[in-house]
Amino acid sequence: MKKNMGSADKAIRLLIAIVIGILYFTNVISGTLATVLSILAIVFVLTSFVSFCPLYLPLGINTCKKKK
């Protein structure tokens, strides 16, 4: 897997995952919405740690800075 996520992209994903976690644990979101958003938060955290987003491949997106 070639890295295709830059540091800003990873930070935004982690921030969104944290916000979802806070909303879940404070019972602001519940039910099916909470389940779907929790799964999304887990995916965001995992993709941030490995610096690879599989959805970026078919779309041709690469937010990683190019090395000179």
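The values are calculated or read from the model by the stated rules, or taken from the named source; none is laboratory data. A quick note: this is a predicted structure, and the numbers were derived from the prediction, not measured. When we count neighbours, we look across all protein chains shown, and the Cβ atoms used for this are built from the backbone with ideal geometry, even at glycine. SASA here: full protein model, heavy atoms, side chains in, ligands and nucleic acids out. Shrake-Rupley method; radii C 1.70, N 1.55, O 1.52, S 1.80 Å.
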(request) Quick one: count up the residues across the range 1-39 that are in contact with a Lys or Arg (Cβ under 9 Å, 6 or more places away or on another chain) and open to solvent by 70 Å² or more (accessible area, probe 1.4 Å). (result) 1
(message) Restricting to the range 31-68, give me the number of residues that are more than 20 Å from MET1 (Cβ to Cβ) and at pLDDT 95 or above.
(response) 11
(request) Considering only the range 1-43, state which residues are more than 17 Å from CYS64 (Cβ to Cβ), part of a loop (DSSP other than H, G, I, E, B) and of a type in the set (A, V, I, L, M, F, W, C). (result) VAL28, ILE29
(message) Anything in the range 44-59 that is open to solvent by less than 70 Å² (accessible area, probe 1.4 Å) and not in a loop (DSSP other than H, G, I, E, B)? List them, or say none.
(response) PHE44, VAL45, THR47, SER48, TYR56
